[in-house]
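Here the structure is laid out as structure tokens; the discussion comes afterwards.
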């Protein structure tokens, strides 16, 4: 028989292992995809961080670890390290407990106004830290709406602000998983006789657990490295490792202690990231095989009308949203009050007579409501430099700087983030290549947790000599902000690329599409919206970035958050009024950017 | 070799279009430290003749999909070679082979319309727009979806999606069409009807095709010859009638749903 005879003769010949040749273009693209983000991280992240850290150990006659012992024997340092961990753990716990019922309401139920509530919940997450600090101080100060509680400057105040920021992380991360869960498993358990509580405990919660733990660990990271909000609210008594690093470097020039603290923070962060990665991997195994299309179908099927049993969760949601709105509304209301003679001043420090007179002359007439004069005086003052010339440039100029720098930072973060996401989303055949990609993936998350202050200060001390003398270069601030935004960009784009069925790429390929065309027609087409969303998110984050920027910005070229911090630091009711108005402006721009993102309806924003 | 016993086809004396020569392919199982490479296909040889529709029939896990992917160039061979009309194409990249592959769930580009999906391979080959449009219209008629070009693929039923996937695969007149369980995701009635249609379309367009399935009725409906594959090896090769008449082993007989004594 012809075919079989032929095949027997052929099989006698042995062929060496056949490897499909890749074109030079493909190889160059892969090298660029890995090389550009790696080089960026090496120069602008690793180098400054290592430079900063080496200050702690390298002394004239070699390496010295004695600093650790000495610094950890200081009671204040020990207390702050304990406080940082305790504070972050407590905040993660509260966010989880509050966030779970909200995730249920916003991702499993179908009702009018759900989209609006989802939007409101995520607003605090993108608000600049300085704005939140100012808002909470206004809310809790003796003359504020909650002044009677005497919470200003307390641990509770910091905790409230941390929860305010991070509850969205739990809601979105857990919500996204919950939405994609197949309800049939729950139905099956019900049919088998399980009570609703039992279904929750035995079917629903175990499937949510990986995302719950992942969200909690991210909240922990954010809180453990919180800077702006703690700096504004904490004073000297309370703080985090991060604020202490700032104080030690800028106030006491104790680089050794700062460096030891940076390492301590690094150890905590890497530990939590490794833990989160392990938990996340367990979760991804459970979800294996779910594509975007399948998820959408599951999400649509899983939503139902609210029932009576949902009332407690609904109540938690509405109360939380109201509490989230309170500081923001207070901020807006106070920013509109005319600051005259210190009487209506929201500032902790009364305005001087001289200042009051100067304010009165610039203030617009305004209207009186309940004995309080409201006007746009604070906003009009933004064209100036504040009382006692608190600032070098007008606030509007700072806003212009902020916008320009944020656009640059967004561009950098997108280029690096998209390249990195494309590379990480591939599963190479080679085991070592896969392991290397996992490490690369983890490295990209590091800026999420490593002290922005360390990065900012590290820039100053390492990028100060040729060939990298960039200290006075205007590119440093956008680069630092891009570093901070990078993990968020990757976390927005990567899940979408990972959700692309590899067989769709294969289909295109078999039909004759060369690799670059597969990339364009499949990956980039599908990721177009997430990339836009990531751009909005990066823009919002860059606008509000404070920790690294505060080191790098020059007095004559400040960003808006730096100006706000300066305004609350210099006495004068008018200055505080301007800080409030500037905070509202900054918040408005940030929220506008996020509103665009939300319109794109990309589920993974703010989820990890 | 088992396939030597029962292959009696019109192809005798013809030169093979596609020659698979002692393919060995392994696959990766497990995660992290537990991962290991296991053989999916072992020393498999097979010839496909011009215009022939050959079904690769086997139970799940027998390696039939892996074989198809290896022919497309999507799996790396541990050993073996592949020739097309006598030319060695073993190391040719996927997109230059001029084949087409249709998956069980179509894998249509969800962000493109029906017409854009079908025209995809033509665009890559820089076919002028007027020719492209004419070809798309022709293919839509061929697969029974005339006038559906502007619809979104997400609005289509499962059967319609598979028709579009077939049209997309046929658009650039591939040298070889690879079909990976193209009907398995459909319900039985539709599967039977589409099976017959598929055969008619393949014959009308003189397409050489390899068709992977676990359903022997489907294989018998669509294919000229059937290769039964088990544990990564071809255990029998022949026409549907030959296979039913003389299954080579009791195992094959059982798999084909014939009683054991038929062997």
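The numbers here are math on the coordinates, done by the rules we state, and not lab data. Quick caveat: nothing in here was measured; it's all calculated off a predicted structure. Backbone-built Cβ (ideal geometry, glycine too); neighbour counts: all protein chains shown.
The table that follows gives values for the structure above.
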{"read-out": "Cα gyration tensor, the protein assembly as shown - rounded (a/c under 1.5), prolate or oblate", "value": "prolate"}
{"read-out": "Inter-chain shielding of B:44-54 (mean C-beta neighbours from other protein chains, 10 Å cut-off)", "value": "2"}
{"read-out": "The stretch B:99-174: C-alpha gyration tensor shape, a/c 1.5 cut-off, then a/b vs b/c", "value": "prolate"}
{"read-out": "Residue B:96 paired with residue A:270, simple spin-label distance in nm, labels 7 Å along Cα-to-beta-carbon", "value": "4.5 nm"}
{"read-out": "Computed over chain B: relative contact order in percent, which uses C-alpha pairs under 8 Å that are six or more apart", "value": "27 percent"}
{"read-out": "Shielding by other protein chains, B:86-92, mean Cβ within 10 Å", "value": "2"}
{"read-out": "Residue A:148/residue A:318 FRET efficiency (R0 22 Å; Cβ-Cβ; nearest 0.05)", "value": "0.40"}
{"read-out": "Neighbour-count ranking [beta-carbon atoms within 10 angstrom, fewest first] of B:111, B:95, B:206", "value": "B:206, B:111, B:95"}
{"read-out": "For the stretch B:145-254: relative contact order, % (alpha-carbon pairs under 8 angstrom, 6 or more apart)", "value": "18 percent"}
{"read-out": "Residue exposure sequence - B:155, A:506 - by fewest surrounding Cβ within 10 Å", "value": "B:155, A:506"}
{"read-out": "Relative contact order for the stretch B:99-174, counting Cα pairs under 8 Å that sit 6 or more residues apart, in percent", "value": "49 percent"}
{"read-out": "Segment residue B:85-residue B:251, extension gain: residue separation times 0.36 nm, minus the distance between their alpha carbons", "value": "56.3 nm"}
{"read-out": "Projected label distance in nm at residue B:200 and residue A:430, using a 7 Å step from Cα toward the beta-carbon", "value": "5.2 nm"}
{"read-out": "Approximate spin-label separation residue B:241-residue A:68, in nm, with each point projected 7 Å along Cα-to-Cβ", "value": "8.3 nm"}
{"read-out": "Computed FRET value (nearest 0.05) for residue A:198 with residue A:304, which takes r as the C-beta separation and R₀ as 22 Å", "value": "0.70"}
{"read-out": "Gyration tensor (alpha-carbon) shape descriptor, the stretch A:70-167, a/c threshold 1.5", "value": "oblate"}
{"read-out": "Residue A:516/residue A:555 FRET efficiency (R0 35 Å; Cβ-Cβ; nearest 0.05)", "value": "0.15"}
